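One structure is given here, and the rest of the page talks about it.
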Amino acid sequence: MTTRRLQQLHPPESTLVGARYQADIEIAATSQGRWEGQVQLGDGRTTPFLALRDGQQVHVWLAGESYVFAPPIPIARAHRSAQPASDDVVSPVPGVVMTVLVSAGDAVEAAQDLVIIESMKTEHLVKSPRDGTVEQVLVQEGQQVERGVLLVVLVGVGEER
Amino acid sequence: MSVFSKVLVANRGEIAVRVLQTLQAMGIATAAVYADPDANSPHAGLADEAFSLGGSTAEETYLDRRKIIELALRCGAEAVHPGYGFLAENPAFSRECAEAGLVFIGPSPETIELLGDKIRSKEAAVIAGVPVVPSSPMWTPGESLLDGLSSQIGFPLLVKAAAGGGGRGMRIVERVQDLETALESANREAASAFGDGRVFLERYIPAARHVEFQVLADSSGNTIHLLERECSIQRRYQKVIEETPSPVLNDDLRTRMAASAVAMAKSAGYTNAGTVEFLVDAQTGEYYFLEMNARIQVEHPITEETLRLDMVEWQTRIAAGKLISLSQEDIRPSGHAVECRIYAEDPYSNFAPATGRLLAWRPPSGMGIRLDSGVAEGQEISAYYDSMLAKLVAWGPDRQSAIGRMQRALQSFPVLGVTTNIPFLIRAIAHPDFRSGGYDTGFIARHPELTASPESNHLNGAAVEIAERIWRSAGPIGGSNMSGQSSAGPQATQGPWRGLSKSTFP
């Protein structure tokens, strides 16, 4: 089989993809950058799909689920990926930083509130993933952030004096 | 029969579209207002006239009372419909409309004030003989706390906004040491959402059902109820799926709650369309008054579908001083209706709000299906406003058929570019606890499988393969590029995919 060039950004992948599936894909029509057709599953059922490419992303709607694919993110930009290191605290939502509750050097407990983000008129409390010490705060109040942007870095486990 | 010659709709999104459609059907000229990010949104395009509010945040646009009243006067509107949220339950706005000679389509400022104050509204409920949940007096920022307040209530408890609704400014608090942060956070959120940051504490009743009754009241004091809506499927105290009739009410409980709803509306001196919300303890059959919402509710369409009436038309007629021509005996429901709210949010990431451009938006249609939508394909969904994109409503002659139609419609609703909760809705509607009707407000928390990442399967594998094929097919895609290929069968196997020929993709 061909090598996968794309990474699934959404929904989060739970298990390995790339096993041999029994399915036919029939492209009924393409127009204006959209692909439509039917997927026939191994059990004979068919289900429609709709797909399109948007810049560096491919979007696929299939059987009620909407998938997003893109080429893997280079290491240098990996801090914006959905898989942060455990010492990184990222924004769970796109929005505006309302309040920064900690500073570098602060000792924090697991589940302590670190930053408050407002998005779509709702406040999101961003909590510490564990007990530790704040190494760095990377955002300011009033700043717009995207989902996945790094907010706070904790001192790594074992690096504390 | 004439009511108003022109009405300005002071809202955005699906409710602005919904209200504009009825006004136009009544032959009333319409005006819309819009913030900069909404300049190309459907509500602005639908109205006969649309006026820029200049700005992006809610505070400088849809919450700016002075701007909206000036625009209404300038365009010659006789009345303002506030929709829900924003200024719908702001007594100052209602009063300022009246002072400017504009009819506010809703109850009087005094009634909005009374019901907006959750403490006073509870007093009105008690006077009307309606049972209530124990709660504290109002908390104000800086007020030294709370031991007294919380000890009367006990933990866990709820922090609620006095002006609240839709879960904004609401927090569940398990421990006394978390109370102050929760109060301050709820206070800020309520101030931002409603322009009123006051909050209070209320006893938390777990495993409750949330059932509300729609009422209609005219200026002569004639008050009827339009039966109930079951709203127990919630996340972050915000409704996601509603249905009517409620699977949990028997005739006796329905009759008693309806009588309480009408008594509450009369006690509050209510006019126009309103909703009395109750918590129902499914074990005991006890019910408690929560609050009365002085506005049209998001979920009003399910009532419209089972009663075959237009709530916005009644709101408009009542505001114009017309009397309700229906009697309580005329309220005879037919069949069952379910509503699913389509939110721009990620069900696999704790329902985090999602933004982006709606690259594809293809609503389903068919027997018994209605979509109230405020968005269109190509529109940018920003983080400035509420994340609800649309409401999908299914009606059927009975509960099973309504749910079946909803299931089919949800599975036939392609949305690309903005993550939505549709996959969650599909699972929730199929869940045995939903199908049986035996659910409560803990439904989502109790069933983590509803929000777990989907397992890799045939479908996931097929999606990957489709995406890879598209990625490899570089180059511009022409509008006339229709291939019309069918699969070539097992003999054409290439890789894992039977029947994929290279000519399938251009």
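None of the figures in this text is laboratory data; all of them are computed from the coordinates on show. Everything numeric in this text was worked out from a predicted model, so none of it was measured. Using ideal geometry, Cβ is built from the backbone for each residue, glycine included, and neighbour counts are taken over all protein chains shown.
Brief remarks on what is shown
- A:Trp61, B:Trp471 arranged by Cβ crowding within 10 Å, fewest neighbours leading: B:Trp471, A:Trp61
- Across region B:127-260, counting alpha-carbon atoms alone, Rg and Dmax equal 16.9, 50 Å.
- 19 Å cut-off, amide nitrogen to a point 7 angstrom out along B:Ala259 Cα→Cβ, residues in region B:323-366: B:328-331
- Ellipsoid equivalent to region B:76-135 - semi-axes via the Cα gyration tensor, in Å: 28, 10, 9
- Shielding of A:112-122 by partner chains, average beta-carbon count, 10 Å: 6
- Going from the fewest other Cβ atoms within 10 Å to the most, the residues B:Phe351, B:Phe93 appear in the order B:Phe351, B:Phe93.
- Computed from the C-alpha gyration tensor, the three semi-axes of the ellipsoid equivalent to region B:6-105 are 17, 16, 12 Å, from longest to shortest.
- Volume per residue of the C-alpha convex hull in region B:344-474, rounded to whole Å³: 138
- Binning the C-alpha pair distances of chain B at 20 Å intervals from 0 yields a P(r) profile of 21, 55, 20, 4 %, listed from the shortest bin outward.
- With Cα atoms as the point set, the radius of gyration and Dmax of region B:134-203 evaluate to 10.6, 29 Å.
- Inter-chain Cβ neighbour average for residues B:347-358, partner chain, 10 Å: 5
- Only Lys, Arg (+1) and Asp, Glu (-1) charged, at Cβ; region B:208-450 dipole about Cα centre in debye: 380
- Simple spin-label estimate for A:Asp88 and B:Ser401 gives 5.4 nm between the two label positions (7 Å along the Cα-to-Cβ direction from each Cα).
- Screening chain B for whole DSSP H helices of 15 Å or more along their axis (Cα) with average Kyte-Doolittle hydropathy at least 0.0 returns B:13-25.
- If you take the alpha carbon atoms of region B:208-450 and fit the smallest convex hull around them, that volume is 126 Å³ per residue.
- Extension gain, B:Asn222 to B:Ala98, is 42.4 nm, computed as 0.36 nm per intervening residue step minus the present C-alpha separation.
- For B:Lys118, B:Lys322, order by how many other beta-carbon atoms lie within 10 Å, fewest first: B:Lys322, B:Lys118
- Using the Stokes-Einstein relation with a Kirkwood hydrodynamic radius computed over Cα pairs, the translational diffusion coefficient of the protein assembly as shown at 10 °C and a viscosity of 1.306 mPa s comes to 60 µm²/s.
- Residues A:Gln38 and B:Ser436, FRET efficiency given R0 of 35 Å [Cβ-Cβ distance, rounded to 0.05]: 0.55
- Over region B:290-380: Kirkwood hydrodynamic radius from C-alpha pairwise inverse distances, Å: 16.6
- Extension gain, B:Ser150 to B:Ala207, is 18.4 nm, computed as 0.36 nm per intervening residue step minus the present C-alpha separation.
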